[in-house]
Amino acid sequence: MTEDKGFVEKGMEKNMELWEKWTGAYMDTMFKAMDKTMQQSSVFQEQVNRAVSAAVHAQSAAMMTSLQTMQDQLEKLT
């Protein structure tokens with residue numbers, strides 16, 4: 001009976017040890033995945049910002065050209 005108790009205790013200790021290793025590895029993996037997601041999100045945000053900036057710049061340039069043309073036409077009329 002004592003041997004059975006020792007066997008059970010050793011089994012429980014080993015089980016706890018394996019559980020701690022698994023949870024530690026799981027938490028580490030999840031932390032790395034979250035970190036990678038945040039990095040990718042930052043890169044994506046930078047790409048969106050650059051695309052929006054380029055689009056706004058293009059629209060501003062077109063608008064300035066139109067305004068200049070209108071101003072030239074007004075000057076010709078006066």
Checklist entry - Does the range 44-60 contain at least one residue that is out of contact with any Ser or Thr (no Cβ under 7 Å at 6 or more places or on another chain), loosely packed, with under 10 Cβ neighbours inside 10 Å and of a type in the set (Ser, Thr, Tyr)? => result no
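Of these, 4, 72, which one is among the charged types (D, E, K, R), modelled with pLDDT under 90 and in a helix (DSSP H, G or I)? Show your work before the answer.
Values: 72 fails: modelled with pLDDT under 90.
Result of the check over 4, 72: 4.
The values are calculated or read from the model by the stated rules, or taken from the named source; none is laboratory data. Owing to the predicted nature of the structure, the values given are computational and were not obtained by experimental measurement. Note: ideal-geometry Cβ built from the backbone for every residue, glycine included; neighbour counts use all protein chains shown.
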